[in-house]
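Scroll down for the structure; my scribbles are underneath it.
The values are calculated or read from the model by the stated rules, or taken from the named source; none is laboratory data. Just so it is clear, the model here is predicted, and its values are computed rather than measured. With ideal geometry, Cβ positions are generated from the backbone for all residues, glycine too; neighbour counts draw on all protein chains shown. Accessible surface areas use protein heavy atoms only, side chains included; no ligands, DNA or RNA. Shrake-Rupley method; radii C 1.70, N 1.55, O 1.52, S 1.80 Å.
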Amino acid sequence: MKKRLDHLIDVLSLSSDEHSIRLALLTFAQQCGFEKFAYVNLRYGDTEAFSNYPQEWQEIYLANDYQRIDPVVTAARRALKPFYWSAPPQRPEPMSEEREFYRHASRYGIVSGLSIPIRIGFGRTAILTLASHLPAFKGEGIIDDIQAITATTLVHAKLKGRSVMAR
């Protein structure tokens, strides 16, 4: 993971437009074994995203204000360090709001992943997430927190002020 993060930082440093940033993030995600990426800038009432998640899912997520029940967002706000996550196994018991959210996300190939949160000022959090359709993604082991946070901060800096993020 260290070499992949180094490469992402190098490529992002040279990126100057939306296409090159998107390509850098997609390449990084795929090299790490994921299919999807999402950079989300969380602001109460005004969430922005830069992602290759299906457009329909992005619209559903934002329209339903899923950030308020998304367990990954909750964990990111609490921990502020990289973490792997996966949806709980499907069980026949009644659906909780969280379980229903995971079931909905899985229809769009978002079942497990790696998330790297950062604090971006004024109490806001941004998260770079890599997602997989696999039920329990096995990461490559230990992630260098500082390096991962540096890469996510660089993504934030590259996207800040650009009008490429969906609201």
Next item on the list: Please give the length that would be gained between Phe122 and Ala136 if that part of the chain were fully extended, namely 0.36 nm times their separation in residues minus their C-alpha to C-alpha distance (nm, one decimal).
Entry: 1.6 nm
Next item on the list: Taking the dipole about the Cα centre of the chain, with the C-beta of Lys and Arg at +1 and of Asp and Glu at -1, give me whichever of Pro135, Ala76, Leu23 is farthest to the positive side.
Entry: Ala76
Notebook entry, point to check: When only Cα pairs under 8 Å and 6 or more residues apart are kept, what is the percent relative contact order across the chain?
Noted result: 30
Next item on the list: Using only Cα atoms, tell me the angle between helix 145-159 and the longest principal axis of the chain; keep it within 0 to 90° and round to the nearest 10.
Entry: 80
Next item on the list: Treating only the Cβ atoms of Lys and Arg (+1) and Asp and Glu (-1) as charged, compute the dipole magnitude of the range 15-64 about its Cα centre; round to the nearest 20 debye.
Entry: 160
Next item on the list: Mind counting lysine pairs for me in the chain? Cα separation below 22 Å, and the two need to be 8 or more apart along the chain or on different chains.
Entry: 15
Next item on the list: Rank Tyr108, Gly33, Met1 by how far each Cα sits towards the positive end of the charge dipole of the chain (+1 on Lys, Arg Cβ; -1 on Asp, Glu Cβ) and give me just the farthest.
Entry: Met1
Next item on the list: Kindly report, to the nearest 10 Å², the accessible surface of Thr27 as traced by a 1.4 Å probe over protein heavy atoms only.
Entry: 50
Note to self: Test of understanding: express the Cα radius of gyration of the range 1-120 as a ratio to 2.2 N^0.38 Å, with N the residue count.
What the structure shows: 1.11
Notebook entry, point to check: Using a basic spin-label model with each label point 7 Å from the Cα along Cα→Cβ, how many nm lie between Lys2 and Tyr84?
Noted result: 1.9
